[in-house]
1. Among the chymotrypsin sites (Phe, Trp or Tyr not before Pro) within region 75-110, which fall in a DSSP loop and have no more than 13 other Cβ atoms within 10 Å of their own Cβ?
2. In the chain, with Lys and Arg counted as +1 and Asp and Glu as -1 at Cβ, which of these residues, 142, 171, 49, has the Cα nearest the positive end of the dipole, that is, farthest along it?
3. So which of 19/154; 20/154; 46/137; 46/181; 20/61 end up more than 30 Å apart by C-alpha?
4. Using the Karplus curve 6.51 cos²θ - 1.76 cosθ + 1.60 with θ = phi - 60°, what ³J(HN,Hα) values do you get for each residue of region 134-147, in whole Hz, with x for Gly and Pro?
5. Rounded to the nearest 20 debye, what is the charge dipole size of the chain about its Cα centre when +1 sits on each Lys and Arg Cβ and -1 on each Asp and Glu Cβ?
6. In region 42-108, which trypsin sites (Lys or Arg not before Pro) fall in coil by DSSP and have 15 or fewer other Cβ atoms within 10 Å?
7. Below 12 Å, Cα to Cα, which aspartates and glutamates can residue 110 reach? Residues fewer than 8 away in the same chain don't count.
8. Helix 41-77 sits at what angle to the longest principal axis of the chain, using alpha carbons and giving 0 to 90 degrees rounded to 10?
Amino acid sequence: MREPTRAFQETIVLLDELKKLVQETNRKLLSGSEEYFVNNINFFTKSFLVLLCAHLEGYLKSVCILIIEEINEKLAEHPIPHNVVRWSLGGSDFKPKDYRYENFSIGITKTNVDDEISGNIERTIMTFRKLGIDLTKNVEFNTRKDKIGSIVNKRNSVVHHNDSASDVSIGDIIQNIEFLKQYMRVIDEEVLKHI
């Protein structure tokens, strides 16, 4: 099996650091000796949930950019005229200004990826389909997507609707971190099959 992508490895480090922070907060909460943690546990829980989803979105964006970079590297090694690609995609009605005498490359930028990607399951599926990867064909992805969807939806409720997240505990956050790692591993393995 190939080594995980750089995007996966870097996000795992961030998630492990988040887990340590959550565990330390939980230790202080259970000791009851630090009133600040006891009185503000809901704030911490919501913050951890938002960070968890931010790390997910960061991973998804990074791995999508990695795919685009890999494609552009392959195109640089094996150049294809831009006009041939355009013609093959149904662009046979060329006007003089449409001709480009250069090699084809993927013009998708980080901003383009940022506009498309989200922790939202449906948007994740659609973005990866655009990159030629059908995540829904992976059984492990399908068994995990509903739980990830509920985590992302809870985060959206917290951020956009000021949900109290009183139904989310510190223990849930720790479990969700580990679950997110598994979910990301599944996506990473699919990506590695295509680059």
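The values are calculated or read from the model by the stated rules, or taken from the named source; none is laboratory data. All of these numbers come straight from a predicted model, not from anything done at the bench. Reconstructed Cβ throughout: ideal geometry from the backbone, glycine too, with neighbour counts over all protein chains shown. In case anyone asks, the SASA skips ligands and DNA or RNA and just uses the protein heavy atoms, side chains included. Shrake-Rupley method; radii C 1.70, N 1.55, O 1.52, S 1.80 Å.
1. Sparse-neighbourhood loop chymotrypsin sites (Phe, Trp or Tyr not before Pro): 94, 99, 101.
2. 142
3. 46/137
4. These are the phi-based 3J(HN,Hα) values: 9, 4, 5, 7, 9, 4, 5, 4, 4, 6, 9, 5, 5, 5 Hz.
5. Dipole of the chain, to the nearest 20 debye: 280 debye.
6. Loop-located and lightly packed - 100.
7. 69
8. Computed tilt is about 20 degrees.
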